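Here's the structure we're looking at; comments come further down.
The values are calculated or read from the model by the stated rules, or taken from the named source; none is laboratory data. Being a predicted model, the structure only gives us computed values, none of them experimental.
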Amino acid sequence: MNNEEQFLRHACEALNESADGLDAATLSKLNQARQRALATVKATARPKWFVLSAWMGAAAAAALVLMVGLRAPEPALNPQALGDLEIVSSADAELLENLAFYEWAGVALDDEDGQAG
């Protein structure tokens, strides 16, 4: 046992012996002071739901910050891609008019491939 533990044990024994020698009036005053102190602590203590909701709010705020901070950046518009889109969108109207023919031709070619194999 080291010196600190011996000191603490000796101090505890001395306090217990001095408390045993107190008169009833002093013990009553000490008990009343203790009760007032406990009532003050209970009155100022926050309820568990309040503490829990504070932690949940902090967690939600942290999640929001992470979602905003870690989201993927939006791709920049490529001028070349816009030119390609313009070419495709200005395709001959004739191709669109004959769309039914092209669909029929694709089905016919698929049927021929199926019979040949």
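Could you pull out the residue among Trp55, Trp104 that is of a type in the set (Phe, Trp, Tyr), within 39 Å of the chain's Cα centre (by Cα), at pLDDT 65 or above and assigned to a helix (DSSP H, G or I)?
Trp55
Would you check if there is a residue in the range 35-52 being under 30 Å from the mean Cα position of the chain (by Cα), small (Gly, Ala, Ser) and not in a helix (DSSP H, G or I)?
yes
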